[in-house]
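**Q** Mind having a look at this structure? Questions to follow.
Read-outs: derived from the displayed coordinates by stated rules, not from any lab. Worth saying up front: this structure is predicted, and the values here are computed from it rather than measured. Note that each Cβ is placed from the backbone with ideal geometry, even for glycine, and that neighbours are counted across all protein chains shown.
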Amino acid sequence: MNRTCYDNAEMPKLVVPNSVTIQNARAFLASNRPFVGRGKTATLKLHPKWAHLDPMALSMIAAWGAWCRRNGFTVKVQNLGRHARYAARMKLFDHLGVNYDAQIAAREEAGRFLPVTQVTNRSELTGVIGDISALLHMDSDPDGLAAVQYCVSELIRNVLEHSGSVDGAFVCAHRYTKKKPHRVTIAVADCGQGVAEHLGRAHPEALADDVIALGLAMRPGVTGAIPGLYGTTDNAGAGLFITRSIAKGTGGYFLLYSGGAGYRLRRTNSPDKQIVLYLDALDEPRRDVWRFPQTWQGTVVVVEIRTDRIADFQGFFQWIRKQMPTRLQVTRRINFT
Amino acid sequence: MITKIRLAAGVAGFAEDKDYARTLRQEKILPALERGDSVTLDFTQVKYATQSFVHALIGEALKKHGESVLDRIEFKNCTPQLQSVIELVVDYSLGGFPEHSVSAQKAG
């Protein structure tokens, strides 16, 4: 059962039910007000018996923990036990400043994951990109690896360049190979200014409605810098559009959560449902759009890449080109030699 | 005159460093094109690149000089993966993204 409850928050509090994944994200996102409260202590309340957390939950909790600590709160974890071992292996508690019993955490397992990692600058991003291949054991799948590196790079750069997040980005990834569908789930969370505020400078309509802001952020050519058809010299405003396309093209999940709104593109096993790419994410038939009474102060993006469906990475961009009509026809040949 | 630029490999052949791309653009590509030179971008060491990297590298040149600049830029030793990213960037840089409208109704 995936239910949570919370008291009237006298302190910042994040209540984690027995399972938080991109599949059941809505209940978790709807039932917490993690940025509300006073005092000196912030509480992460785990389920007493079970803690099934995917990269989305882990990256969000880590970002929230950094926000709490930066604002003078000490993070306490309730129900910390052996069932939190996976979260410990993913280095979650390191980011919260919480000690986890080393004896419990010691059991070594063959993992295919990128533990929760804080990235505050471009140099650290380069390190993460370089480590992914070994951590996810993707040496023998170069196109799958390229897709993962691509999404990690674009999502973290979004945070570093646009979020204004003092704590940078918290990234986490897991490669699932035991059960089908084989996939890599990547999550990047921050507690920066959020999508609406970033886009609002150039697109005031984003400030009026968080759902509209999310829709704009996922459209190609929309940036927070200057409104225009071509983006700016350094930003085209296509990063989220392409990462969403990679998720859709492989039939994986995509989630964007910021302010009081969430957007999720659901997984599909039907190739027919992957073919059409909607420029406006709000047109996608397999979408969920959520409004929440409380807000996430920042942005969370989750991309699921079905690695069993990446035949060739090149094909994605050809497909995206076909799906994205331009306003003018380019007639000259590109000089490839 | 031809200005030849051999791009660095990035992380094991994955090029994503926009700052590096911006530096190349500002210090080598744009000045060469301003002089009327041609530019050869040699991607021998790069297998994959992000759209953001390619945009930071050539987007401004395309916007500034228009479609005809394609006659003066040579993309050398590109993998098929790279070619497809470059084609995408050229398409939207010259052709523009489709116009968008915001619909409050769609937002629900």
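**Q** Run the simple label-point estimate for A:Arg38 and A:Glu10 please: 7 Å along Cα→C-beta, distance reported in nm.
**A** Distance between the two pseudo-spin positions: 1.1 nm.
**Q** Here's a follow-up. Report the label-to-label distance for B:Ala8 and A:Asn24 in nanometres (one decimal), using points 7 Å from each Cα along the Cα→Cβ vector.
**A** With each label placed 7 Å out from Cα toward Cβ, I get 4.6 nm.
**Q** Let me ask you something else. Just from its helices, what would the mean residue ellipticity at 222 nm be for chain A, if runs of 4 or more DSSP H residues each count -39500 (n - 2.57) and the sum is divided by every residue, rounded to the nearest 500 deg cm²/dmol? Before the final figure, lay out each step's value.
**A** On the way: 12 runs with 109 residues, N = 337.
Taking each H run of at least 4 residues, the total per residue is -9000 deg cm²/dmol.
**Q** Any idea how far the Cα center of region B:58-92 sits from the one of region A:160-215, in Å?
**A** 29 Å
**Q** Subtracting the Cα-Cα distance from 0.36 nm times the residue separation, let me have the gained length for A:Gln294 to A:Ser123 in nm, one decimal.
**A** On the way: separation 171, 0.36 × 171 = 61.56 nm, distance 3.43 nm.
Full extension from A:Gln294 to A:Ser123 adds 58.1 nm.
**Q** At a 10 angstrom cut-off on C-beta neighbours, averaged per residue, how do the peptides A:183-195, A:81-93, B:5-17, A:247-259 rank from highest to lowest?
**A** Numbers: A:183-195: 27.4, A:81-93: 20.4, B:5-17: 18.8, A:247-259: 25.1.
Listed from highest to lowest mean packing, they are A:183-195, A:247-259, A:81-93, B:5-17.
**Q** Would you calculate the separation in nanometres between label points at A:Arg70 and A:Lys273, each defined as 7 Å from the Cα along the Cα-to-beta-carbon direction?
**A** It is 3.8 nm.
**Q** Can you compute 3J(HN,Hα) from phi for each residue in region A:88-100, using the Karplus curve 6.51 cos²θ - 1.76 cosθ + 1.60 with θ = phi - 60°, rounded to whole Hz and x for Gly and Pro?
**A** 5, 4, 7, 6, 4, 6, 4, 6, 9, x, 10, 7, 10
**Q** In addition: Determine, from the Cβ-Cβ distance of A:Arg82 and A:Asp312 and an R0 of 45 Å, the FRET efficiency 1/(1 + (r/R0)^6), rounded to the nearest 0.05. Don't skip to the end; give the middle numbers.
**A** Numbers: r = 43 Å, r/R0 = 0.96.
The computed FRET efficiency comes out at 0.55.
**Q** What do you get for the angle between helix B:51-65 and the principal long axis of chain B? Use alpha-carbon atoms, 0 to 90 degrees, nearest ten.
**A** 80 degrees
**Q** Share of antiparallel DSSP beta bridges in region B:1-77, in percent to the nearest 5?
**A** So the antiparallel bridges in region B:1-77 amount to around 10 percent.
**Q** For chain A, what relative contact order do you get, as a whole percent, if you take Cα pairs closer than 8 Å and at least 6 residues apart? Don't skip to the answer; put the middle values down first.
**A** On the way: 677 pairs, mean separation 49.9, N = 337.
Here the relative contact order equals 15 percent.
**Q** Also, quick follow-up: At a Förster distance of 35 Å, what's the computed FRET efficiency of A:Arg201 paired with B:Glu34, Cβ-Cβ distance as r, to 0.05? Before the final figure, lay out each step's value.
**A** Details: r = 31 Å, r/R0 = 0.88.
The pair A:Arg201/B:Glu34 has a calculated efficiency of 0.70.
**Q** Can I ask one more? Give the long-range amide H neighbours of A:Thr223: residues separated by 5 or more places, or on another chain, with amide H under 5 Å away, using H modelled in the peptide plane at 1.01 Å from N.
**A** Result for A:Thr223 returns A:Gly228.
**Q** Taking H as built 1.01 Å from N, whose amide H comes closer than 5 Å to the amide H of A:Thr43, not counting residues under 5 places away?
**A** A:Lys13, A:Leu14, A:Lys76
**Q** Would you work out the relative contact order for region A:47-153, in percent, from Cα pairs under 8 angstrom that are 6 or more residues apart?
**A** Details: 80 pairs, mean separation 23.2, N = 107.
The normalised contact order for region A:47-153 reaches 22 percent.
**Q** In degrees, nearest 10, range 0 to 90: what is the angle between the Cα axis of helix A:313-323 and the longest Cα principal axis of chain A?
**A** 60 degrees
**Q** Helix A:239-250 against the longest principal axis of chain A: what's the angle in degrees, Cα atoms only, rounded to the nearest 10?
**A** Its long axis makes an angle of about 90 degrees.
**Q** Toward the positive end of the charge dipole of chain A, about the Cα centre and with charges on Cβ (Lys, Arg +1; Asp, Glu -1), which of A:Thr223, A:Thr117, A:Leu80 goes farthest?
**A** Projecting each Cα onto the dipole axis, the largest value belongs to A:Leu80.
**Q** Which of B:Lys18/B:Lys47; A:Lys49/A:Lys180; A:Lys273/A:Lys322; A:Lys179/B:Lys47; A:Lys13/A:Lys178 have a Cα-Cα distance over 23 Å?
**A** A:Lys49/A:Lys180; A:Lys179/B:Lys47; A:Lys13/A:Lys178
**Q** Can you give the direction-averaged projected area of the convex hull of the alpha-carbon atoms in the protein assembly as shown, in nm²? Each step should come with its number before you reach the end.
**A** Details: hull surface 82.5 nm².
Mean projected area for the protein assembly as shown: 20.6 nm², to one decimal.
**Q** Which net charge results for the neighbourhood of A:Leu155, defined as the other residues with beta-carbon distances under 15 angstrom from its beta-carbon, given Lys and Arg at +1 and Asp and Glu at -1?
**A** On the way: positive: A:Arg122, A:Arg157, A:Arg244, B:Lys18; negative: A:Glu124, A:Glu154, A:Glu161, A:Asp190, A:Glu304, B:Glu16.
Surrounding charge for A:Leu155 is -2.
**Q** With each run of n ≥ 4 DSSP H residues scored as -39500 (n - 2.57), what mean residue ellipticity at 222 nm is computed for chain B after dividing by its residue count and rounding to the nearest 500 deg cm²/dmol? Each step should come with its number before you reach the end.
**A** Numbers: 5 runs with 47 residues, N = 108.
So the helix-based figure for chain B works out to -12500 deg cm²/dmol.
**Q** What's the exposure ranking of B:Glu67, A:Glu154, B:Glu99, going from fewest to most Cβ atoms within 10 Å? Write down the numbers at each step before the final one.
**A** On the way: B:Glu67 16, A:Glu154 24, B:Glu99 8.
Arranged by neighbour count, lowest to highest, B:Glu67, A:Glu154, B:Glu99 become B:Glu99, B:Glu67, A:Glu154.
**Q** Further question: Once phi is turned into ³J(HN,Hα) by the Karplus curve 6.51 cos²θ - 1.76 cosθ + 1.60 with θ = phi - 60°, what whole-Hz value does each residue of region A:14-19 show in order, with x for glycine and proline?
**A** Along region A:14-19, the couplings run 10, 9, 10, x, 5, 9 Hz.
**Q** Can you list the HN-Hα couplings for region A:82-87, worked out from phi with the Karplus curve (6.51, -1.76, 1.60; θ = phi - 60°), rounded to whole Hz and with x for Gly and Pro?
**A** 4, 5, 9, 4, 4, 4
**Q** Counting DSSP beta bridges with both partners in the protein assembly as shown, what percentage is antiparallel, nearest 5? Could you put the intermediate results ahead of the total?
**A** Working: 36 of 59 bridges.
Of those bridges, close to 60 percent are antiparallel.
**Q** Moving on. Across peptide A:322-332, what mean number of C-beta atoms from other chains lies inside 10 Å of a residue's C-beta? Present the calculation step by step, with values, prior to reporting the outcome.
**A** On the way: counts 0, 0, 6, 4, 9, 7, 5, 4, 10, 3, 8.
Counting other chains' Cβ atoms within 10 Å and averaging over A:322-332 gives 5.
**Q** Here's a follow-up. Order by neighbour count: A:Trp296, A:Trp67, fewest other Cβ atoms within 10 Å first, most last. List each step's numbers first, then the result.
**A** Values: A:Trp296 25, A:Trp67 22.
The order, fewest Cβ neighbours first, is A:Trp67, A:Trp296.
**Q** Further, regarding this structure: Show me, bin by bin at 5 Å from 0, the whole-percent P(r) of region B:1-91 based on Cα pairs.
**A** 3, 15, 28, 30, 18, 6, 1
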